[in-house]
Structures are given as structure tokens and as C-alpha cells.
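Since the structure comes first, as C-alpha cells, the remarks are kept for the end.
Readers should treat all values here as calculations from the given coordinates under stated rules, not as data from a laboratory. Not measured: the values here are computed from a predicted model. Ideal geometry is used to build each Cβ from the backbone, glycine not excepted, and the neighbour counts take in all protein chains shown.
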Ligand code: SRM
Ligand code: SF4
């Protein structure tokens, strides 16, 4: 990339005109539209650009039904997978000055571009895009980290990144002009942004300490890498799975900690050892999800799958969801709605049929000796390989700058094996660090900021993007969360860490319902005026006996003078905190 192509532009706030017939500027139509109205009963003659192409007739009918939701109509008009090719052409036209982002059709810029992983942040930073990647199992190497640094560095203060609640990376501040360079650069280092948004499968999550964990039943990394390659055509996008009824979250858990939260994923594979032959297989749970209207934990599907069945089973499940899933009210299109509509047994039978009549074994009964405390992966921990350690560092609220990626790469190469893991709690782990290298590594300046032994609240902080960048956000989250937790840590002694999840709105990307304490952006009033505020949830549990947190308080104004005392009261009453005695 030429540096001048990558300069951030000064942008004025303008609204796109949705009525324009000129999609990308005069005489420029980058996204080809599908044939205007494919008849519901048609099984042939579907435009190659239509999202109907891979749907069987019943699903086509649902997508074309007048009760189908707005996003189905957008997909019928022109499949989001078109964005995979058009983004390159578009970025070229923008560079040549033949069109402007302001001229783009709103459905293209705000919706279809998400198939290419480009999320227009039109409400907060018009003309700037967030790019969501896929990082299966949260594992990255130094080459990838360095590319991420180079991708955001040219944007100055606009360019930053976040570790997400699906152990993934989002880059910020990008322009469409530069997207072709970034997409190709990602491919070169084995990453992708394709199929990361809209009605696709989200980042595949597993055990963040896979391969080094003394307690794992199986290394989740190769399983997830293979699944990723199968589902997304090695990062180039797989059209057959580009038109699901809604997003789908999939994870594999390999320990009693349930690090990737099977209970809130649409599809959770729980590794278990079969007692008869000792083989590790997967009990399957389905249907967990959060949304504005409904939050529900997954339920057992009533079967287990072998390692050999894992990919065919996942592929079949996706086809069943794609072909039979509801496409009406958008709030009723997640997997659980289909499972409930046809019944869990029928859903399982359909998957077996789609697998060509597979014999799915019943779930394996799991018996554990004694209780298990969910592990905290921050700090220094001996690996299963003698003499080696993993080192977990706390990235407050998951926010990263270009220089942080560079430092991760250098530290991983100098002290570890050149790779890092990122976690659903938005932190970073360095693996395969020999005992002898630990003292020098821990003395690195990076760990002054990203602490290996952070305080009892910051170590459990998780936060969604919030209204700094997200148009849905009802409250700011990341900066405020860090500020509030630092204030609380300075005032309180805590007998144990407390996991606090901040989320900016009821979509709950920050998973407020799994935290010991959850804060969710919501309206509040202060001195008779409407202000940003939070609802507070209490009692979320992750691991062997998961529970969703329950709403505890509403309308707490998001100002330190209200929020800090409220949380202090909760921490003292519910979590055994005591006032810190300040030496005279
Ligand atoms: Fe999310 C939509 C950010 C994890 C539930 N989510 C959004 C959008 C794309 C909305 C938008 O266009 O602005 C947010 C982008 C904001 C931005 O600029 O970053 C957004 N979601 C995120 C991330 C980045 C939060 C974070 O700071 O980590 C997470 C990205 C994960 C990833 O790497 O793919 C993220 N979102 C989640 C999770 C948590 C999880 O997966 O464990 C949930 C709840 C679990 C679930 O999905 O069941 C979640 N996001 C939603 C929903 C509600 C879904 C629904 O069925 O209604 C929306 C709204 C939607 O899809 O219409 C949403
Ligand atoms: Fe945006 Fe709401 Fe998700 Fe936070 S929870 S990232 S504010 S959609």
C-alpha cells in the first residue's frame, strides 16, 4: 500500500440519500441488483446476485413472503455475498474519485457491506468503518499482529482496535478506499473479515488455553480451524451459508470452566469422555442467545457427536437452520425459535437426515468428582508442558492501539512461541514461556499498563463497544467502566474478584447477564432531566451450573457520583467488600 492511499480523510457529516438511483455516483453501479422480483414458486431463474440462490423452495417462499423482515427483502434484492467482490471495485472507484461514500445506496453501505466485515459507523463517525475479523479460537501469530498494527496505524487517533466478547478483533477508523488493501493483507496473513456480520456464523470460540491447558479434554484449535475453513471457504466466503435467517454463534468447550460460554451460544459443543472407550466426543446444546426481546440459555439437543462427525454435523445444522428457519419477525429468527417451533427431537432428526441418515448417539452422561471453581486465566500459570507457562495480561475493556499489536508480537517472539491468544473476557495471553524467561518478560513496560495481576474488579471487566462508536448504544461503556472500577478498587477491599460486564444496550453484546454484576445502558433521569443510565443485573454464573443474572435496579444515572456509590453498596452487601482503610 502506498502511504498516501491510507491517509484518513476529513469528513463532513452528511446523510446518504436512499432514493438515489445512482448507487455509487454518476453512471456507476457497483453492486449489481438481482432480478427485481423472483416469483415465490420459482425454483429456477434465480439471479446469481440474489440471496435466494441457495435456498430451497420453502425457504424462498418465506424470504419472499410479505411478512418477511426488512433484511430478507434486502437479501432477495441482492445477496450480501455480492459485497465480497464489489468491495474491491468500489474501493478502486473511490480512490480514483469516480464516486464518494456519500453517494452509496444506504442498503449497500449500512447492510450489505457487513458481509465483507465492514460496518459503517454512520451515526458516530460518518464515512468511517469498523472492520470485524475472524480469529478462530482467538489465536494469532506475530505476523498477523504486525499486519493489524499496520492496518490501523495510518488513521492516527481514529485508528484503534478492540478485542471482542467473542475473542475476536475489530479494527476501527477504516475508510472504504483502503478496504481492498486491508482485506488482501488479512488474506496474506491467514485472516479474514468476510462473513463476520449480518446473517452469518460469528467468530468460532474455544478454550483460550487450548493445547497448553493441563485440564483440557481436547485441543479445540484444530477443530475450530477446520470448522472455520469449511464454513467460510478459507476466509474467501461461502455463499451457501451467506443467507441464514439470522446470525449464529458456535463454540466448543473443552473444560469444566466453559470458557466460551456454551450456555449462551446458538450451538455449543461440550467435550466429554465416553466411559466405554475413552474417546472424547461432544454433547450438543442449542439455542442460547441474547436479544432486546428475549434472553435464553441453551438446551440439550439430546445427542453427542464424534470428532469425525463434528464438521458434517455443523454443516447439516446450518443447512437445516438456513432451509427451515423463520424469516418473519426479525426478533424471532434466532435458532431457538426454530428449535421451539418444530421441537428439539424433530430438529435433531432433520440434522441426521441432512447428514445422509447419520446415527447420532445419545448424550454422554457426565459425572464429575467434586466441585470445580472456574479458573481465571490471567497471571502466570504452569502449562501441561513442564517448564513452560502461559502469562495472561488484562487489557482494560479490550481497547488496543496499533503500538499494542506491535508489542504483543515482539513480546510473543522474544519470550514465547510467537503467538498470542485473546479471550472472550477481552484479555491477552502469551503461551509457551520458559520458566527462565519469566522475570525479564514480566519486567517489560507493557505489563505496567496491561497488568498480569490486576485488581479484583478490573481483572473481571468485560465491556461492549458502547455509544462511542455503536449507533445502538444508550450509554458509553469502555472508558466509563475503567474509570468507575478504578474508583471502586481504590475505595474497597474485596475478598475475591468480581466479574463486572458493561453493555451499552439490551442487545447485550457485553453479556450483562453472565456477569456477577451486569450493567446495561438504559434511560435514566437526574434532577428531572433525561440522562444516560444503566440497569443493573446480579447473579450471572458461567461454568458447570450456569445462570443468567436477574435485573436488580433500573435507571441508575451514568455519573460517577451515582454509579460508584450504587456499585459500592452492592459490592459490600453481596460480595463481602469492605471499605479500604486509608493510612493517616
Ligand atoms: Fe453484538 C449487533 C458489537 C458480541 C448481540 N453487535 C452488534 C453491532 C454489529 C451493531 C452495529 O451495527 O453497530 C455492534 C457493533 C458495534 C461496534 O462498533 O463494535 C455489535 N457484538 C459486538 C461486539 C464487538 C461487542 C464487543 O465489544 O465485544 C461483539 C463482537 C463479537 C464478534 O467478534 O463477532 C458482539 N453481540 C455480541 C454478543 C456476545 C456473544 O456473542 O457472546 C451478543 C449476545 C449473544 C447473542 O448474540 O446471542 C450480541 N449484537 C447482538 C445483537 C442482538 C442479537 C439478536 O438476536 O437480536 C445485535 C443486534 C442485531 O444483530 O440486530 C448486535
Ligand atoms: Fe452496540 Fe448495544 Fe452491542 Fe453495545 S450492546 S455494542 S451498544 S449493540
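Available extension along the chain between residue 384 and residue 538 is 51.9 nm, counting 0.36 nm per residue and deducting the alpha carbon span. Computed extension length for residue 276-residue 578: 103.7 nm, one decimal, from 0.36 nm per residue of separation with the Cα-Cα distance subtracted.
With 5 Å bins beginning at zero, the pair-distance distribution over Cα atoms of region 446-506 amounts to 4, 19, 23, 22, 16, 10, 4, 0 %. Please report Rg over Rh for region 69-218, where both radii come from the alpha carbon positions and Rh follows the Kirkwood definition. Dividing the radius of gyration by the Kirkwood radius yields 1.00. For region 459-579, the relative contact order comes to 22 percent (Cα pairs under 8 Å, sequence separation of at least 6). Averaging 1/r across all pairs of distinct Cα atoms in region 384-501 and inverting the result yields a Kirkwood radius of 15.4 Å.
If you plug the beta carbon distance of residue 294 and residue 526 into 1/(1 + (r/R0)^6) with R0 = 51 Å, you get a FRET efficiency near 0.95.
Kirkwood Rh, region 194-287, all Cα pairs: how many Å? Result for region 194-287 stands at 13.9 Å.
For region 297-420, the Kirkwood hydrodynamic radius from C-alpha pairs, put into Stokes-Einstein at 4 °C and a viscosity of 1.567 mPa s, yields a diffusion coefficient of 68 µm² per second. I need the shape label for region 545-584. Rule: rounded when a/c is under 1.5, else prolate if a/b > b/c, else oblate, with a, b, c from the alpha carbon gyration tensor. Cα axes put region 545-584 in the oblate bin. The distance linking region 373-449 with region 273-306 is 31 Å (Cα centroid to Cα centroid, whole angstrom). If you rank 369, 96 by fewest surrounding Cβ atoms within 10 Å, what's the result? Ascending number of Cβ neighbours within 10 Å: 369, 96.
Could you list the residues of region 222-264 with an amide nitrogen less than 17 Å from a label point located 7 Å from the Cα of residue 329 in the Cα-to-C-beta direction? Only 246 pass the distance filter. Helical runs (DSSP H, four residues minimum) scored at -39500 (n - 2.57) apiece and divided by the length of the chain put the mean residue ellipticity at 222 nm at -7500 deg cm²/dmol. Dividing the convex hull volume of the alpha carbon atoms of region 351-419 by its residue count gives 250 Å³ per residue.
Before anything else, pin down the relative contact order of the chain: Cα pairs under 8 Å, at least 6 apart, normalised by residue count, whole percent. Across the chain, relative contact order equals 11 percent.
Per-peptide packing, taken as the mean over residues of other Cβ atoms within 10 Å, places 310-321, 539-550, 223-234 in the sequence 310-321, 223-234, 539-550 from highest down. Both radii come from the Cα set of region 205-252: Rg as radius of gyration, Rh as Kirkwood radius; their ratio Rg/Rh reads 1.08. Projected label points at residue 65 and residue 375, each 7 Å from Cα along the beta carbon direction, are separated by 4.7 nanometres. Each principal axis of the Cα atoms in the chain has its own extent, and those three values, largest first, are 76, 63, 54 angstrom. Take the Cα of residue 157, step 7 Å toward its Cβ, do the same at residue 410, and the gap between the two points is 2.5 nm. Over all pairs of different C-alpha atoms in region 459-579, the reciprocal of the mean inverse distance, the Kirkwood hydrodynamic radius, equals 14.1 Å. Ratio of Rg to Rh for region 514-577: 1.04 [Cα atoms; Kirkwood radius as inverse mean 1/r over pairs]. Compared with the rule-of-thumb size 2.2 N^0.38 Å for a compact globular protein, region 328-382 has a Cα radius of gyration ratio of 1.88. Rounded to the nearest Å, what's the spacing between the alpha carbon centres of region 511-527 and region 230-271? Just the number, please. Rounded to whole Å, the Cα centres lie 27 Å apart.
A crude spin-label estimate for the pair residue 342 and residue 444, with each label 7 Å from Cα along the Cβ direction, gives 4.9 nm.
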